[in-house]
Amino acid sequence: MRAAVLTGPRTCELKRIPIPTPGPNELRIRIQGCGVCGSNAASWEGMPWTQYPMEPGAPGHETWGTVDALGPGVNDFRLGERVTALSYRGYAEYDLAKASETITLPQALDALPFPGEAFGCAMNIFRRSEIRAGQTVAIVGIGFLGAALTRLVSKAGARVLAISRRPYALEIAKAMGADELIPMDDHAKIISRVKALTSGVLCDRVLEAAGKQWPLDLSAELTRERGRLIIAGYHQDGPRQVNMQLWNWRGLDVINAHERDPQVYLAGIRDSIQATVSGTLNPDMLITKTFPLERLAEALEATIQRPDGFLKAVVML
């Protein structure tokens, strides 16, 4: 089979390797596509902790495809069934996954790309945010995750203030139901605008979805007393400093919304399937660029550079 191998910083090779054989309680997936996660940027850029060469297919982990082979003890899936899974070598034609970490996709989603792990991540962040109708919620950073959260928060009946540096992203946020669009250009100006929109109270919930220091600082400033600050951005380029005096004074609840328990991931994926079937989430609006496997390098660069018109890339096989 063909598999992409990251052999060094910003270096990718397409290799042919044996097709893997599923072991007990595993199944093999013929990959149809794999989402490109923002967390892949660290491996692509060559952060100090990255070891090369990476495993063939790594770090692709937002996979979907069809069941191609069943290992011993797997009885709940059938060959050809379309699934999404927690699999970790998805930049390849085949990957293995535990049967217990694989979810069948309904026929209603047959025509749609479905990077289940990515959508599940959005659902879990939304759940931990405890959004209620009537709240004012700022979403700082409108990429794939920020756009999906804008839709979920808006559908929950909250007032959404979308904050982003990119005009295109603000247009997407409006389409997703944002009530106010605020350019992320000047720190003091943004705070002043949000104060004006909230009669000086600031926001009940602030979802930081940018993964950078300045948006994190801004997000804390926008959170009202006894409000909830949710860290949804993936901070992977170094340590962060926080204004603990501000956090103390306002009595903020701070939630790190990143999950590690596979069963929690799977619960989020199931919720995202229902949200997609119901029309709350629309993959066609959130996935803006597709690449073949041999152009994985371009997909990773686009994920870092975020050109105009870009929210999320997927690699299709």
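For the reader, a short list of remarks on this structure follows.
- Out of G33, G60, sole residue that is closer than 19 Å to F119 by Cβ, assigned to a strand (DSSP E or B) and not polar (S, T, N, Q): G33
- Checklist (1) out of contact with any helix residue (DSSP H, G or I) (no Cβ under 9 Å at 6 or more places or on another chain); (2) among the small types (G, A, S); (3) in the same structural domain as K155 (by TED's automatic domain parsing) applied to G279, failing item: (3)
- When segment 187-219 is filtered for residues that are farther than 30 Å from N40 by Cα and either in contact with a Cys (Cβ under 6 Å, 6 or more places away or on another chain) or of a type in the set (G, A, S) (or both), the ones remaining, listed by number, are A188, S192, A196, S199, G200.
- In segment 31-53, of all residues being in contact (Cβ under 8 Å) with a residue 60 or more places away in the chain and over 17 Å from L86 (Cβ atoms), the one that is surrounded by the most Cβ atoms within 10 Å (Cβ to Cβ) corresponds to W44.
- For segment 5-24, the tally of residues that are in contact with a strand residue (DSSP E or B) (Cβ under 6 Å, 6 or more places away or on another chain) and either of a type in the set (S, T, Y) or outside any strand (DSSP E or B) (or both) stands at 5.
- Restricting the first member to segment 216-239 and to residues that are outside the structural domain of M184 (by TED's automatic domain parsing), and the second to residues that are buried (at least 19 other Cβ atoms within 10 Å of the Cβ) and at pLDDT 95 or above, no beta-carbon pair is closer than 7 Å while six or more apart or on different chains.
- Taken over segment 14-48, the criterion of being under 16 Å from F291 (Cβ atoms), of a type outside the set (S, T, N, Q) and in contact with a Ser or Thr (Cβ under 9 Å, 6 or more places away or on another chain) is satisfied by I31, G33, C34, G35, V36, C37, G38, A41, W44.
- Residues satisfying the criterion are absent from segment 178-197 (criterion: part of a strand (DSSP E or B), acidic (D, E) and within 22 Å of the chain's Cα centre (by Cα)).
The values are calculated or read from the model by the stated rules, or taken from the named source; none is laboratory data. Predicted, not measured: the structure shown is a model, and the values here were computed from it. Neighbour counts run over all protein chains shown; Cβ positions are idealised from the backbone, glycine included.
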